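Worksheet: one structure, shown below.
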Amino acid sequence: MADAGCVAVWGARLPGVILLSNFQISATLAEPERFSGLEMGLLVACVMAAGGLFFWRFAPILNRILHSKKDADFSLRPVGRRVWEFVWEVLCQAKVIRQRPLPGVAHAFVFWGFLAFALVSLNHFATGVELGFLTPDGVVGRFYFVFAGVWALLVAVSIAGLFVRRFFVRPVWLGEKVSYESGLIALLIFALMVTYLAAFFVEPGGVAVKALWWTHTLALLVFLPLIPHTKHLHLVLSPLTVFLKRDGFSKIPPLSGDEDFGLVAGKDITQLISLQAYSCVECGRCTEHCPASTTGKVLNPKEIILGMRSYLNEFGPASEMALLSEARVESPDNPPNRYMSMEAAFECTTCGSCEYQCPVGIQHLPIIVGLRRGATNTGAWEDTYGTKLFLALEKNGNALGLSAMERDKFVTKQGLPIFDGSQEYCLWLGCMGGYDPKGREIIADFARVMSYLGTTFGVLKKEKCTGDPARRLGNDLVFQTMAEYGLKALEAAKVQKIVAICPHCVRTISNDWREYGIAPEIEHHSEFMARYKDRLPKQVAAAGESIVYHDPCYLGRYRDVYEEPREIVALAGTLVEAERSHERSFCCGAGGGLAFLGEESGERVSHVRAKELMETGAQTIGTACPFCNTMFRDAVSAVGGGQVQPQLLDIAQLTARALPDVKG
Amino acid sequence: MSGVLVVMEQRGGVLNRMSLEAVAAGRLLAAKVGAECSVAVLGAGGGAGVSDVAKAYSVEHALLKDYTADGYCAALEQLVKKLGPGYVVFPHTYQVRDFAPKLATRFGQVLISDVIGVQDGPVFVRQLLQGKLNADYKQAGAGPCFVSVQAGSFRADVEAGEAVAAEVFVPEIEAAQIRSKPGELFRESAQTVDLSAAQVIVSVGRGIGEQDNIGIVQELADALGAELAASRPICDNGWLPMERQVGSSGQTVAPKLYLAVGISGAIQHLVGMKGSKAVIAINKDEHAPIFEVADFGVVGDLFEVVPELTKAILAARS
Amino acid sequence: MKILVAVKQVPERDAQIRVAADGKWIDEGDLSYTINEPDAYALEEALQLKEKNGGEVVVVCAGPERVVSTLREALAKGADRAIHLEADDLGERDTLGIARMLADAVKGEAPDLILTGLQSEDLGLGQTGVVMAELLGIPHATIIMQVEVVDGGVKVKRELEDGWFQHVEMPLPALLTIQSGGNRLRYATLMGIKKAKTKETATVLAGAAVARAVSLERVYLPEKQKKTEMLTGTSAEVAAKLVEKLKFEVRVL
């Protein structure tokens, strides 16, 4: 809706833009030639006042960032990637544009305009002390002024558009509160551009020129001290934030030392987190895409970031005051903040949409998981289901709390070979594959696919959970136990390559386990099957079957695997896309350990997604994660009522159904 | 006497079923060791008798009116010392678990508890590791051997003959010997459904089709005196309240019997009921995973099987 | 209030059990051990009592070197001190022998309250606590769901059969055996594990084993393994078969 509103506004303005830009090419910028001593004195005083005010307001922020805890694991390497991301995300504004095209382009024009204006502004002040280095008389100056003029026009139009969007269209993601400062800043930017452009149309040497010059100057000088106190601080900080952000998506940093249990209090906030908290531009993209926020839960990722910021402002980076309000001693200075609560923190499915969407390099997951770590590692989080899960992992080694003998029974009954070092792949079953009836079907079918392709494989004799739910729920003790057990088991069995049907297992083994050792190479079964797609049967008879593919968060955003599963789906029928797909895919509600917790408040995430998938009218829902599969199983029947419900099949099942029955 | 003494348990003058099973075990043991079997019952007075035993004792004292471990131990210590039985057999009730180990200790003995079988020797069979193993136990030293028997392990005989008249034994007990103050027995008010405490649960799943059909399952539950429970889809649809949901997001139950009707057995459901002692499943799909965990399975149309079963249970009850 | 919790280490619940070559016990070769579940509830009750009434929780466990891991876990969950009663020959001792060993070891501690689980998951005799109380000459109560400290002692809620309960009051010191499920267990935390490193574990050498009153002669796999029995026939026949099962095997009729 927001974007549609903007189109209307922009459409109306477009002819004017063309008209004006045609006109100004031939115009020359008028600059004052002489400044009196008084004027120069006044200018220097104003500049110093504005600069002073800026630093007076900015210094405490800088101080809080610098006095936050050091990020123990931080490394600038690989610099190449950082430079590339800086160029792509900051200079090219790729993320800003890609995820919200219209306001994104408007923002990019403002940003690029500012860059173009840097030289003009410098020259502007230099002129005030009669040291101007660009003059309309020179070729360079003449060209540059016109060049900047084009940008000024684009900035003026863009900022006006953004102003209308913010104050009249008012997308809900920007928050209920109207930010008057944003309005003032937009007006200042608009004034800067207008005063610049107007100087093309006035006679040189007149009073008007001086007046325009001074208005422009004052607008700039008022703008400067406003920056540190508003979301416009991102002008200064976000390029740095993007450049310095942690290397890797949803990267949970290792705990450092014996006193680190995660984000318990201010003293645990690291410099990167501080920097990110102060960089937030409050655009609300994180919240717009959050499966918890959009289904009526308390969690609001933007408010978590702003909560961190206001905590830093109030208590500072050395405080012992608990970050989450249930753990705080409440007082009038310390009111509860429902967004900074355990309830909110434990509603996160860790789907990663927030972190993926953020245009200023904020990494929400290390923060939200960090808050959970602070609550779980200290025992402050008391939840019946969570406790049951942790005890099940401690005692049974699987998230479902079933006897490990159940896995043995399945392996025997299914006739799965035990990995003995002679096979190429270790087939990792995972909790779902080893214990869940539906997960077992997927394993059985994938095993058939592997046999059909002539790939040798075996399963570990004993296998425990990767620790994924413990990791995401912030239980480092259980996670470490699981990771170390798994690493040892794989090493003892001399495994070289692993393949798994569960994206959570793949992610945790390949990525999170690194804290404790290096696991053998692992891939998801979609990647494995896609490599052999030419040898897998194309299901001609099924060509009419429409299959909607659901991107699992941990395969898509976490692993960047979007096309491989689609290639498999395309072999089995006609691929259909849901409204939200690929990197914008909407969570099934199971991640972050939530599959094991109790009933969620608000609407069920799985229902929302199931509805969306069913609205495509596809006959089949294709999944690539056993957790998504199990979530949709309940949701489809609940949402679909008595109507014909789509089938729910994993990509391994879609493939296996076309294979000839293997005898023996 | 060197025979077998069975210590029975009564409440309000009525012997419980487990006591009669203990008498059956006592008779078997007596036959094996070639001795007589006698019985004793404790209380403040009176006490129901059994037939076909050598002797019956009624241990009576005002301080035995309410059960206390101190009072029962004092009384039985005196009775055992007086009678000198070779074996003392108890039903393995909660009350016996409370005092019998203490009594055995007074004789320098160890209670062989929760016995499921008696073999020549005599050898007492008990289960270890939640029934994964059986173990043979024997008395190693001399003195009375104390044994308690598991519920349901010995078939209680029908007491057909006339009860053997009880000889009253009055032990010496001082009020000061009794250190604990027992309160009245009570039951928790059943305002909320506590499936976790239910002994028998009849649970209904998606196979029931629609809300109106739940009635037939409710009738089955009523016939069995069972709590009605459900799998998640039923509660999600609002056909039964959420508090009746069994599974990972509902309650975890461990009844003596879990009767699953039209439940396929998704993992989220199985984790909530895997502790059940016996599972019966009725489902039309022979491949339903619920059969993996069931002791008894019926592949069939629940709309036919359930009403028949209700009828048969009501007939068996009457 | 000083609370002593006696815990036992038992094979993990889902361990594959094999009978040892001599047929007298199970093969302990590659077994993993864990805290006996009812004892975990006893520890939880002790920790909650301490949180409410203050005091100290001391945890004691008899057994070989491996039981230290269970003690450390108890310390991580919040116990203040641990006593390892070192004995490699628990199999040579009967309940009376083990209870005496424990009673001797805790006598010097003079605790106000001793808690333990109602029975062990391996032997399941359910007596050690009661025998200890008798040896120490203190009152006891078994199968306890709730404990409340009252004037001059404790008031406990005892579980009886068929959903009945009873409150019992007794003076301190006393011994209680705790039923599983009365409280919510806490999970071990990273913070707890780190704190546990600084807590003291005393090692006491157990005395020599004495003659047993009862002996375990042999262990063996029960004949009947759990298998699904499918009942077939017409609906009426199936119903009749089920009623038989309900009567004689499940025993709910």
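The values are calculated or read from the model by the stated rules, or taken from the named source; none is laboratory data. Bear in mind the structure is a predicted one, so any value in this text is a computation, not a measurement. Cβ: placed from backbone, ideal geometry, glycine included. Neighbour counts: every protein chain shown.
Of everything in the stretch B:217-231 that is within 14 Å of chain C (Cβ to nearest Cβ) and in contact with a helix residue (DSSP H, G or I) (Cβ under 7 Å, 6 or more places away or on another chain), the residue that is farthest from C:VAL250 (Cα to Cα) is B:GLU219. For the stretch C:180-191, give me each residue that is under 25 Å from C:LEU118 (Cβ atoms) and buried (at least 22 other Cβ atoms within 10 Å of the Cβ). C:TYR187, C:ALA188 - these are the residues of the stretch C:180-191 that are under 25 Å from C:LEU118 (Cβ atoms) and buried (at least 22 other Cβ atoms within 10 Å of the Cβ).
Those strands (runs of 3 or more DSSP E) of the stretch B:94-143 in which 2 or more residues are within 7 Å of another protein chain (Cβ to nearest Cβ) and in contact with a Pro (Cβ under 9 Å, 6 or more places away or on another chain) occupy B:133-139. Inspection of the stretch A:565-574 finds no residue satisfying the criterion of being under 17 Å from the mean Cα position of the chain (by Cα), crowded, with 24+ Cβ neighbours inside 10 Å and aliphatic (A, V, I, L, M).
Scanning the stretch B:176-198 for residues being exposed (fewer than 12 other Cβ atoms within 10 Å of the Cβ), at pLDDT 90 or above and either in a loop (DSSP other than H, G, I, E, B) or facing another protein chain (nearest Cβ under 7 Å) (or both) gives a total of 0. Could you tell me whether B:LEU63 is in the same structural domain as B:LEU128 (by TED's automatic domain parsing), in contact with a helix residue (DSSP H, G or I) (Cβ under 7 Å, 6 or more places away or on another chain) and outside any strand (DSSP E or B)? Yes: the conditions hold for B:LEU63. Only a single criterion out of (1) at the interface with chain C (Cβ under 10 Å from one of its Cβ atoms); (2) touching a residue at least 40 places away in the same chain (Cβ under 8 Å); (3) surrounded by 22 or more Cβ atoms within 10 Å (Cβ to Cβ) is not satisfied by A:GLU394, namely (3).
Picking from B:ILE234, B:ILE214, B:ILE173, B:ILE201, which residue would you name as being part of a loop (DSSP other than H, G, I, E, B), of a type outside the set (S, T, N, Q) and either more than 9 Å from every other protein chain (Cβ to nearest Cβ) or at positive phi (or both)?
On the way: B:ILE234 fails: part of a loop (DSSP other than H, G, I, E, B); B:ILE214 fails: part of a loop (DSSP other than H, G, I, E, B); B:ILE201 fails: part of a loop (DSSP other than H, G, I, E, B).
The conditions single out B:ILE173.
When C:ALA202 is tested against (1) more than 7 Å from chain B (Cβ to nearest Cβ); (2) in a loop (DSSP other than H, G, I, E, B), just one condition goes unmet, and that condition is (2).
Can you list the helices (runs of 4 or more DSSP H) lying wholly within the stretch A:326-391 that have 2 or more residues being out of contact with any helix residue (DSSP H, G or I) (no Cβ under 7 Å at 6 or more places or on another chain), on the phi < 0 side of the Ramachandran plot and surrounded by 18 or more Cβ atoms within 10 Å (Cβ to Cβ)?
Details: elements: A:342-345, A:353-357, A:364-376.
So the answer is A:364-376.
Restricting attention to the stretch C:212-245, the residues that are more than 7 Å from chain B (Cβ to nearest Cβ) and in contact with a helix residue (DSSP H, G or I) (Cβ under 8 Å, 6 or more places away or on another chain) total 2.
Hey, can you tell me all the residues within the stretch A:550-595 that are part of a helix (DSSP H, G or I) and within 21 Å of A:SER637 (Cβ to Cβ)? Across the stretch A:550-595, the qualifying residues are A:LEU594, A:ALA595.
Answer yes or no as to whether B:SER264 is in a loop (DSSP other than H, G, I, E, B) and over 23 Å from the mean Cα position of the chain (by Cα). The answer is yes for B:SER264.
Every residue in the stretch A:142-166 that is over 26 Å from the mean Cα position of the chain (by Cα) and free of Cβ contacts under 8 Å to residues at least 40 places away in the same chain, please.
Those that are over 26 Å from the mean Cα position of the chain (by Cα) and free of Cβ contacts under 8 Å to residues at least 40 places away in the same chain: A:PHE143, A:TYR144, A:PHE147.
State whether one or more residues within the stretch A:99-114 are part of a helix (DSSP H, G or I), closer than 30 Å to A:HIS289 by Cβ, over 25 Å from the mean Cα position of the chain (by Cα) and not hydroxyl-bearing (Ser, Thr, Tyr). The answer is yes, given that some residue of the stretch A:99-114 is part of a helix (DSSP H, G or I), closer than 30 Å to A:HIS289 by Cβ, over 25 Å from the mean Cα position of the chain (by Cα) and not hydroxyl-bearing (Ser, Thr, Tyr). Would you say C:ALA209 is small (Gly, Ala, Ser) and more than 11 Å from chain B (Cβ to nearest Cβ)? Judged against the criteria, C:ALA209 is a match. No other residue among A:VAL264, A:VAL281, A:VAL242, A:VAL236 is within 15 Å of A:VAL360 (Cα to Cα) and modelled with pLDDT of 95 or more apart from A:VAL242.
Restricting attention to the stretch A:122-143, the residues that are under 18 Å from A:LYS210 (Cβ atoms) and touching a Leu at 6+ places or on another chain (Cβ under 8 Å) add up to 6.
Can you tell me which residues in the stretch C:92-134 are more than 24 Å from B:GLN130 (Cβ to Cβ), at the interface with another protein chain (Cβ under 8 Å from one of its Cβ atoms) and touching a Lys or Arg at 6+ places or on another chain (Cβ under 6 Å)? Scanning the stretch C:92-134 gives a single hit, C:GLU134.
Filter the stretch C:145-173 down to the residues that are touching a residue at least 40 places away in the same chain (Cβ under 8 Å) and surrounded by 23 or more Cβ atoms within 10 Å (Cβ to Cβ) and list them by number.
Pass one, the stretch C:145-173, residues touching a residue at least 40 places away in the same chain (Cβ under 8 Å): C:147, C:149, C:154, C:172-173.
Once the filter is applied, which keeps residues that are touching a residue at least 40 places away in the same chain (Cβ under 8 Å) and surrounded by 23 or more Cβ atoms within 10 Å (Cβ to Cβ), the stretch C:145-173 yields C:VAL147, C:VAL154.
Do the conditions hold for B:ASP295, that is, is it more than 10 Å from every other protein chain (Cβ to nearest Cβ) and either under 26 Å from the mean Cα position of the chain (by Cα) or of a type in the set (A, V, I, L, M, F, W, C) (or both)? Taking the combined requirement at face value, the residue does not satisfy it. Within the option set A:VAL150, A:VAL83, A:VAL129, A:VAL157, being modelled with pLDDT of 90 or more, on the phi < 0 side of the Ramachandran plot and loosely packed, with under 15 Cβ neighbours inside 10 Å holds for one residue only, A:VAL83. If you check B:ALA40, B:ALA35, B:ALA30 for being part of a helix (DSSP H, G or I) and at pLDDT 90 or above, only one passes: B:ALA30.
Answer yes or no as to whether A:SER606 is free of Cβ contacts under 8 Å to residues at least 60 places away in the same chain, assigned to a helix (DSSP H, G or I) and under 21 Å from the mean Cα position of the chain (by Cα).
Numbers: free of Cβ contacts under 8 Å to residues at least 60 places away in the same chain: yes; assigned to a helix (DSSP H, G or I): yes; under 21 Å from the mean Cα position of the chain (by Cα): yes.
For A:SER606, the condition - free of Cβ contacts under 8 Å to residues at least 60 places away in the same chain, assigned to a helix (DSSP H, G or I) and under 21 Å from the mean Cα position of the chain (by Cα) - is met.
Just to be sure, is A:PHE419 in contact with a Gly (Cβ under 6 Å, 6 or more places away or on another chain), over 18 Å from A:LEU393 (Cα atoms), hydrophobic (A, V, I, L, M, F, W, C) and at pLDDT 95 or above? In short, yes.
Listed conditions (1) within 26 Å of the chain's Cα centre (by Cα); (2) among the hydrophobic types (A, V, I, L, M, F, W, C); (3) closer than 30 Å to C:LEU172 by Cα are all met by B:ILE173, apart from (1). For the stretch A:528-537, the criterion of being in a helix (DSSP H, G or I), more than 26 Å from A:SER250 (Cβ to Cβ), out of contact with any strand residue (DSSP E or B) (no Cβ under 9 Å at 6 or more places or on another chain) and touching a residue at least 60 places away in the same chain (Cβ under 8 Å) is satisfied by at least one residue.
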